[in-house]
Number of protein chains: 2
Amino acid sequence: MHSVVDLATGEKTYTLRRAVAADVRPIVALLAADQLGATREDPDGGDWTAYERAFAAIDADPAHLLLAVTTSPGGEVVGTMQLSFLPGLARRGATRAQIEAVRVHERHRGGGLGAAMISWAVGEARRRGCALVQLTSDKRRSDAHRFYTRLGFTAGHEGFKLAL
Amino acid sequence: MHSVVDLATGEKTYTLRRAVAADVRPIVALLAADQLGATREDPDGGDWTAYERAFAAIDADPAHLLLAVTTSPGGEVVGTMQLSFLPGLARRGATRAQIEAVRVHERHRGGGLGAAMISWAVGEARRRGCALVQLTSDKRRSDAHRFYTRLGFTAGHEGFKLAL
């Protein structure tokens, strides 16, 4: 990707870029602000090194792209998502782009920022030669399901998880 | 993983190991033999280099583990799956293990081989410190859904895909 991308919505233009270490705290704050994520994150607790270790692993591997969306270059982080590019033999050796951990700050919802982020991700997947973009969404998030369906995704799969 | 693992089922003991280049053709044959995969694969066509390129990408990255299950050490490939280990910030910096492209040859179904493969994958995810194992399964595969539910997985997510 280019180092900084303009994400234009109807109302305003945001900035999308690869996340850096200083973005980890505001990104975790976005994850924790989410209704379903609240109990799963620990933004104020003693577990901070786990987040930093995870960031280092993501950042070291070109197969992963953790993204920060800000209100302007140098502005506040108000959106995030992770893109991973996964090789596989299925579908004639297709590389899949997988989207995880999409969050938009509640004050910046409803203006098309989420759609602009996902559209950018789909375009980036295309530029990298992926044959498929995939993601899972908690069955309780019916608004998200309408959103992804509107963007052309099909909910043709069950998403199974097993916590260890 | 150890270089070769015994997978004991009630009836017999299979061998599980990291796939090598010579396994690509039998693995693609397993993918193509599948009802839903038949139209997506091209095991006899001119697209062979795409599979070989995909295998090289999987094999070069320690985050991915393509597995071959054989009837004995040196025996016929009758099962396959891919495990990918994905770092992420969510869930306190949890690494996820993702399972893709699980196939068992039809002559070797019903004897517990699939369950032994998934149980091994869950154990390997645990050994690598993952907090979560995830996979998606086509909504038309109701047998597979019962199978994963029996193994402790929860279908709490919708699996969205967008073909490019």
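Counting just the residues of the stretch B:20-44 that are at the interface with chain A (Cβ under 9 Å from one of its Cβ atoms) and outside any helix (DSSP H, G or I), which one comes out surrounded by the fewest Cβ atoms within 10 Å (Cβ to Cβ)?
B:R40
Considering only residues that are closer than 12 Å to B:R18 by Cβ and not in a helix (DSSP H, G or I), which ones fall in the stretch B:50-69? Let's see the steps before the verdict.
Applying the first criterion (closer than 12 Å to B:R18 by Cβ) to the stretch B:50-69 yields B:55, B:58-59, B:62, B:64-69.
Matches in the stretch B:50-69: B:P62, B:H64, B:L65, B:L66, B:L67, B:A68, B:V69.
Any residue at all in the stretch B:89-104 that's of a type in the set (S, T, N, Q) and under 30 Å from A:P26 (Cβ atoms)?
Scanning the stretch B:89-104, I find at least one residue that is of a type in the set (S, T, N, Q) and under 30 Å from A:P26 (Cβ atoms), so the answer is yes.
Search the stretch A:91-135 for residues being free of Cβ contacts under 8 Å to residues at least 12 places away in the same chain and within 7 Å of chain B (Cβ to nearest Cβ), and hand back the single one that is nearest to B:R96 (Cα to Cα).
A:G93
Let's see how each residue does on (1) under 14 Å from B:G88 (Cβ atoms); (2) among the hydroxyl-bearing types (S, T, Y); (3) touching a strand residue (DSSP E or B) at 6+ places or on another chain (Cβ under 9 Å):
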residue	(1), (2), (3)
A:R17	no, no, yes
A:L31	yes, no, yes
A:G37	yes, no, yes
A:W48	no, no, no
A:R53	yes, no, no
A:L65	yes, no, yes
A:G74	no, no, yes
A:T80	yes, yes, yes
A:L86	yes, no, yes
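Quick one: A:G79 ticks every box in (1) farther than 16 Å from A:V102 by Cα; (2) more than 13 Å from chain B (Cβ to nearest Cβ); (3) under 17 Å from the mean Cα position of the chain (by Cα) except a single one, so which number is it?
With (1) farther than 16 Å from A:V102 by Cα; (2) more than 13 Å from chain B (Cβ to nearest Cβ); (3) under 17 Å from the mean Cα position of the chain (by Cα) applied to A:G79, the lone miss is (1).
How many residues does the stretch B:70-89 contain that are under 30 Å from A:A32 (Cα atoms) and outside any strand (DSSP E or B)?
Let us first name the residues in the stretch B:70-89 that are under 30 Å from A:A32 (Cα atoms), namely B:83-89.
Now narrow it down to the ones that are outside any strand (DSSP E or B): B:87-89.
Counting residues in the stretch B:70-89 that are under 30 Å from A:A32 (Cα atoms) and outside any strand (DSSP E or B) gives 3.
If a residue must be more than 7 Å from chain A (Cβ to nearest Cβ) and of a type outside the set (D, E, K, R), how many such residues does the stretch B:136-148 contain?
Result for the stretch B:136-148: 3.
Would you mention how many residues in the stretch A:72-126 are hydroxyl-bearing (S, T, Y) and buried (at least 19 other Cβ atoms within 10 Å of the Cβ)?
3
Of all residues in the stretch B:149-164, which are facing chain A (nearest Cβ under 7 Å) and not aliphatic (A, V, I, L, M)?
Listed by number, the residues that qualify are B:G152, B:F153, B:T154, B:G156, B:H157, B:E158, B:G159, B:F160, B:K161.
Give the residue that is modelled with the lowest pLDDT, with candidates limited to residues of the stretch A:22-40 that are within 16 Å of the chain's Cα centre (by Cα) and farther than 15 Å from A:H105 by Cβ.
Across the stretch A:22-40, the extreme among qualifying residues is A:L36.
Name the residues in the stretch B:2-19 that are loosely packed, with under 15 Cβ neighbours inside 10 Å and in a loop (DSSP other than H, G, I, E, B), would you?
B:H2, B:S3, B:G10, B:E11, B:K12
The values are calculated or read from the model by the stated rules, or taken from the named source; none is laboratory data. All of these numbers come straight from a predicted model, not from anything done at the bench. As a convention, Cβ positions derive from the backbone with ideal geometry for all residues, glycine included, and neighbour counts pool all protein chains shown.
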